[in-house]
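Participant: Below: one structure in C-alpha cells.
Throughout, read-outs are computed from the coordinates displayed, never taken from laboratory work. For clarity, every value in this text was computed on a predicted model and none was experimentally measured. With ideal geometry, Cβ positions are generated from the backbone for all residues, glycine too; neighbour counts draw on all protein chains shown.
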Amino acid sequence: MNDPLPPVLYERHDDGVAVITLNRPEKKNAINLDMARLIQTYLQRAEQDDAIRAIVLTGHPEVFSAGMDVKAFRQGSCQWSSLRGLAASCMPNSPRSS
C-alpha cells in the first residue's frame, strides 16, 4: 500500500529553483495550521540553501488555494492568529521571493 503524500511537497531542482506545492486537492488546497507550518519549514530550507535562486509556491492539481481552511478554524483545530503569524514571518522577509 502506498503512503499518502504530505499536504505540502518540496522539490529542489538543479537549476536553482525550489518548488513548494500545496497538495490537499480534496480541500481545494485550503491551508490549515499543519500546512502553514510545513510551508514555513520549506521556505526556511530554501532560504538556507545558497544554490536556490528562486522559490515557487504553487497548488496541485487544478487550484492554487481556496485560502484559509475555514472549517478547521470553526472546529477549533486551527488558530487564525497562528496562521497569520506564520505567513507574516515567511515570504516578506525572503530575498528570493517576489
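Participant: Would you calculate the separation in nanometres between label points at Asp50 and Glu62, each defined as 7 Å from the Cα along the Cα-to-beta-carbon direction?
Facilitator: 4.5 nm
Participant: Multiply the residue separation of Val70 and Arg37 by 0.36 nm, subtract the distance between their alpha-carbon atoms, and state the gained length in nm to one decimal.
Facilitator: That pair, Val70 and Arg37, stretches by 10.2 nm at full extension.
Participant: OK, next. Give me the mean projected area, in nm² to one decimal, of the convex hull enclosing the Cα positions of segment 1-51.
Facilitator: 4.4 nm²
Participant: Val63's amide H: which non-local residues (gap 5+, or another chain) put their own amide H closer than 5 Å, with H modeled 1.01 Å from N in plane and none for Pro or chain starts?
Facilitator: Under 5 Å from the amide H of Val63 lies no amide H from a residue far enough along the sequence or on another chain.
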